[in-house]
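The values are calculated or read from the model by the stated rules, or taken from the named source; none is laboratory data. These numbers come from a predicted model, not from an experiment. Cβ atoms come from the backbone with ideal geometry, glycine included; neighbour counts cover every protein chain shown.
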Amino acid sequence: MRTYLLSLVILGLVSAMMVGCSDTTSRKDVASAQEKLDKAHANTQEAVQGAKNDVADAQRNAQEYTAAKPVITDQPVDTRVDVRDIRANEKVADAQVDATKKIADAKDKEAAAVANLKTTEQQFKDTQDRDTFVREAELKLSDYDKRIDDLKAQSSKAQGADRDAVNRQLELVKAARDRANTALSELKKADLPTWKNHQDHVRMAFQELDNSVRNVR
C-alpha cells in the first residue's frame, strides 16, 4: 500500500513538472479523499452499532433494577413513584438522545466526505483537461519554433529588399510567438476553477501566430 501511494505521488509530481502548472489535483488527492470517505462510512456504522448498544445497556439496567425490587405482599400497595425508577427511565431517554446525536454527527461527517470526494474528483478531471490542453499547446509552440528557425534560414539566403521583407515579417512572427507563450504562461498560473477562462485567449494568440507565419513570403 505504501509503495502504491508513493507511486501516485511520483506520478503526480512528474505530471505537474511536465506542464508546469501551479494548481494541481492528483490521483493521490483522489485516493486520499476516497480513504477519508471509507473511514467516515466505517465510523458511521460504528456509531450506529455503538448507539444501539448504549441504548440496549440502559434499557437492560432499567429492567434489571425493576426485576430486583422486593415484592412485599402483606403491606399496603405504595402507589408513589420510586425515584430510582424515574432515574432509570431518564438514563434510557438520555442514552437514546446521545445515540441520535452520535449517529447524526457521524452521518454529517460522512456526507461531508462524500462531497469532498466529488469535489476532488472534479478537480482531478479539470487538472487532466488543463494539462492535456497545455501539453498540446506546448507541442504547437515547439513546432512554431522550428518554423521560425526555418524562416531565419530563409532570411539568411535572401538578398536585398527580399531579405529586409522577410526579416520584418520574421519579427512579427517572433512577437506573435512571445504573445502566445505569455498567454499560455498565464493559463498555467491560473487556479483550476478559472483556467478555462484563459483558453480562448490562448487559442486566439496561437491563431494570430499561425496567421503571421502563413503571411511570410
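For S32, only one of the following conditions fails: (1) among the small types (G, A, S); (2) modelled with pLDDT of 95 or more; (3) more than 21 Å from the chain's Cα centre (by Cα). What is its number? Only one criterion in (1) among the small types (G, A, S); (2) modelled with pLDDT of 95 or more; (3) more than 21 Å from the chain's Cα centre (by Cα) is unmet by S32, namely (3). The condition of being out of contact with any Ser or Thr (no Cβ under 7 Å at 6 or more places or on another chain), exposed (fewer than 14 other Cβ atoms within 10 Å of the Cβ) and of a type outside the set (D, E) holds for only one of A165, A153, A113, that being A153.
Here's the yes/no breakdown for (1) part of a loop (DSSP other than H, G, I, E, B); (2) closer than 30 Å to Q122 by Cβ; (3) at pLDDT below 90:
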{"residue": "E46", "(1), (2), (3)": "no, yes, no"}
{"residue": "N53", "(1), (2), (3)": "no, no, no"}
{"residue": "V71", "(1), (2), (3)": "yes, no, yes"}
{"residue": "D74", "(1), (2), (3)": "yes, no, yes"}
{"residue": "I86", "(1), (2), (3)": "no, no, yes"}
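Tallying residues that are touching a residue at least 40 places away in the same chain (Cβ under 8 Å) and closer than 30 Å to F206 by Cα within the range 113-128 yields 4. Is the range 174-181 home to any residue that is in a helix (DSSP H, G or I), out of contact with any helix residue (DSSP H, G or I) (no Cβ under 9 Å at 6 or more places or on another chain) and closer than 30 Å to T24 by Cα? Yes, some residue in the range 174-181 is in a helix (DSSP H, G or I), out of contact with any helix residue (DSSP H, G or I) (no Cβ under 9 Å at 6 or more places or on another chain) and closer than 30 Å to T24 by Cα. The C-beta contact set for the range 33-62 (first residue closer than 29 Å to A93 by Cβ, second residue at pLDDT below 90 and among the β-branched types (V, I, T), distance under 8 angstrom, 6+ apart or interchain) comprises V55/V92; A58/V92; Q59/V92; A62/V92. Taking the criterion of being in contact (Cβ under 8 Å) with a residue 12 or more places away in the chain and assigned to a helix (DSSP H, G or I), the residues of the range 183-195 that qualify are A183, L184, E186, L187, K188, K189, L192, P193, W195.
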